[in-house]
Amino acid sequence: MAGAEEATAAAVVSESAAVQCPVCSKDFQPSKINAHLDRCLLGGGGDGSCPPPPAAATTDSPPLKKSRISGEEALPHTTTTPADSEPPLLPTAASVFSMFHSNSKSNKTPFKNERNVSFSAQQSPGGTSSAAVGKGTKRNLENGVEQRGAASVMMMRTAAADRSDSRSSTNEPIHGMKMSSSSSSSNPLIASIDKPLADKLRPNTLDEYFGQNKAVGEQTLIRSLLESAEIPSLILWGPPGCGKTTLAHIIASTSRKKGTVRFVTLSATSASTNDVREVIKQAHNELRLTKRKTILFIDEIHRFNKSQQDTFLPHVECGTVTLIGATTENPSFQVNAALLSRCRVLVLEKLSVEAMSLILRRAVASLGIRVLGEDPAEDDPQQGDLSDDGSEPKVSIEQKALDTIAHLCDGDARAGLNGLQLAVQARVGAARPDSSPLEIVVQEVHVKEGMQRSHILYDKAGEEHYNCISALHKSMRGSHANASLYWLGRMLEGGEDPLYVARRLVRFASEDIGMADPSALPQAVSAFQACHFIGMPECEVILAQCVVYLARAPKSVDIYKAYNNVKASLRNHKGPLPSVPLHLRNASTKLMKQLGYAKGYKYNPAFSSGAVEQQYLPEELQGIDFFTWTPTE
């Protein structure tokens, strides 16, 4: 009797815990609900047991549902669209799918023309919710039925999502990027990139690497080594934006394709000596176990001090790692001589205007931007098709604007590409969405506004600092006032300290002018004091006046050469230096007078002729004229 009563109670509980189908609103036992969903989602039960929901269900709130999983919270549910707008199958699949998944952010976005509603527990006739009755009920289903049900739901969700995307998208994708409907993000790729354009369009092959034919041209030794994957240890030296890091990325890309080399990148601005040692340890193990070499790229290698650079010496020497270092500073001063002897220095030059033009043309072609005055169909058929689409904005740029960027960036590809990106993004953001079709033209004035002024390559403590001050000094020495003003402007506009320039002018007044124009030194000293009083930018004209005066003044290096001869005589003298003659010594005490100090000295003012003949040099230096004397070894 007890067993019969328990079976009866279980049957009652099973009947009361029936689960309602979210599509047709019929009740089913938990063991049959998944099999029913497979048939119901595909267009009905097939046997007539599951007719499509009535049309009224699309406008009224759905009936209250019972939770299929114990303890599960009610999840949002989307209703089907009206019958005259879209077929109910795909939206229904997507709405059912939301019941079986967590309420993540990706499920919160509704489909177009759909309403978000939520299921709540349906009250049973006895006042107890069906969710409470089914709380302890276990799902006793076969694995095959569960897998088929999940596959059906996944298939229907994917189809519904694709259908919804095709209905809600108003713009076609350009170059694989989906465009939004707002005018500020309708630009091809420009508004979609999440990092600077210079990094986004970094070339991966030497064929796309412009402007360094002298270093990695077709017939160069380095080009042959790179193509054969025989990479020597290199120090890449060049100004910012010339392609040092890009060349390292090309080497990395080539190495990965070959599969015989492992490429590791570190930056001296953030890496420590322990990081370097860890990489070298891994490289040693890699070479010992798999015979695979390691290329270690150190960006800004001049940031490592001398002791840190010594860490590489034995491992570069024995071939454990192949070192590639990039630096903007002169390796002769910033890299250890021992490390420099183990590497080949590859000098990369500042990019020419022609090379910058090629880089910019490649950039606008990748972005889908048309150059005014050219037929887009000739260069890129895709651009020609896009221009006929009235829903897409037509982004164009003047050739003169590209030429302006090529000249203003001063050979820095990074500055040029980022300036192009800034100008185009500003124009796209300022475009009015109500104009149809939307026309966006980037002109020269927009480029100048974005870059503001010429990008001047100058480092107050680096290579260009010494290059420019040397050019200024040599231009004044050559009495070329025009060139002297130019190099002065390069330094001041690049951010040089005006007092440093003024100190060099004081030195120049004595070194190169000397007694040919004795007033040159007071002029230079006055310029230094005036710059100290006023400061930049008002003192720039004072420096310009002094530079022109010194450039036009007569030149004489007699004093400079004579003093150098004196230094050479002192340094090359063998034995003890000669003593000061007794008559030239000062006899300040009685004892010194008794020893013969100042004896026989002729006091020049006591003679009417002024200068008198007497011996002023030691005996060993008699007859030497330092103004004409040539030192010998």
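The values are calculated or read from the model by the stated rules, or taken from the named source; none is laboratory data. The model shown is predicted, which means the values in this text are computed figures rather than measured ones. Please note: Cβ atoms are built from the backbone with ideal geometry, for glycine as well, and neighbour counts cover all protein chains shown. For the accessible areas, the whole protein counts, side chains as well, though only heavy atoms, and no ligand, DNA or RNA atoms are used. Shrake-Rupley method; radii C 1.70, N 1.55, O 1.52, S 1.80 Å.
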Hey, Ser579 in a loop (DSSP other than H, G, I, E, B), in contact (Cβ under 8 Å) with a residue 24 or more places away in the chain and exposed (fewer than 12 other Cβ atoms within 10 Å of the Cβ) or not
yes
Within the range 623-633, count every residue that is open to solvent by less than 90 Å² (accessible area, probe 1.4 Å) and either closer than 20 Å to Pro576 by Cα or among the aromatic types (Phe, Trp, Tyr) (or both).
5
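Okay, residues lined up against (1) modelled with pLDDT under 90; (2) more than 14 Å from Val321 (Cβ to Cβ); (3) crowded, with 20+ Cβ neighbours inside 10 Å; (4) under 27 Å from the mean Cα position of the chain (by Cα):
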position: Gly241; (1), (2), (3), (4): yes, yes, yes, yes
position: Thr254; (1), (2), (3), (4): yes, yes, no, yes
position: Thr269; (1), (2), (3), (4): yes, yes, no, yes
position: Thr273; (1), (2), (3), (4): yes, yes, no, yes
position: Arg277; (1), (2), (3), (4): no, no, no, yes
position: Ala283; (1), (2), (3), (4): no, no, yes, no
position: Glu286; (1), (2), (3), (4): yes, no, no, no
position: Leu289; (1), (2), (3), (4): yes, yes, no, no
position: Arg292; (1), (2), (3), (4): yes, no, no, no
When residues of the range 486-503 are limited to those that are surrounded by fewer than 17 Cβ atoms within 10 Å (Cβ to Cβ) and more than 33 Å from the chain's Cα centre (by Cα), the one farthest from Arg552 (Cα to Cα)
Leu499
Check Glu613 against each of (1) within 22 Å of Ile559 (Cβ to Cβ); (2) loosely packed, with under 10 Cβ neighbours inside 10 Å and name the one condition it does not meet.
(1)
Can you pull out the residues in the range 268-325 that are farther than 13 Å from Leu234 by Cα and hydroxyl-bearing (Ser, Thr, Tyr)?
Thr269, Ser270, Ser272, Thr273, Thr290, Thr294, Ser307, Thr311, Thr320
For the range 387-425, the count of residues that are at pLDDT 85 or above, open to solvent by 20 Å² or more (accessible area, probe 1.4 Å), of a type in the set (D, E, K, R) and under 18 Å from Lys350 (Cα atoms) equals 2
Scan of the range 532-557 for residues that are touching a residue at least 60 places away in the same chain (Cβ under 8 Å) and either touching a strand residue (DSSP E or B) at 6+ places or on another chain (Cβ under 6 Å) or farther than 30 Å from Thr630 by Cβ (or both), ordered by number:
Val547, Val548, Arg552
On the basis of being outside any helix (DSSP H, G or I) and touching a residue at least 40 places away in the same chain (Cβ under 8 Å), does Pro518 make the cut?
no
Selection over the range 276-330 where residues are part of a helix (DSSP H, G or I), within 16 Å of Val264 (Cα to Cα) and small (Gly, Ala, Ser) yields a count of 1
Give the range 426-442 a look and list any residue that's modelled with pLDDT of 80 or more and of a type outside the set (Val, Ile, Thr), or say none.
Ala426, Arg427
Could you look through the range 589-604, keep only residues that are part of a helix (DSSP H, G or I) and not hydrophobic (A, V, I, L, M, F, W, C), and pick out the one that is least open to solvent (accessible area, probe 1.4 Å)?
Asn604
For Gly384, indicate whether it is farther than 27 Å from Glu449 by Cα, open to solvent by less than 20 Å² (accessible area, probe 1.4 Å), at pLDDT below 90 and not aromatic (Phe, Trp, Tyr).
yes
What pairs can you find where one residue is in the range 558-574 and exposed (fewer than 13 other Cβ atoms within 10 Å of the Cβ), the other is among the acidic types (Asp, Glu), and their Cβ atoms are less than 8 Å apart, with a gap of 6+ or different chains?
Asn572/Glu633
With the structure loaded, tell me whether Leu247 is of a type outside the set (Phe, Trp, Tyr), under 29 Å from Glu354 (Cβ atoms), at pLDDT below 85 and assigned to a helix (DSSP H, G or I) or whether it fails that test.
no
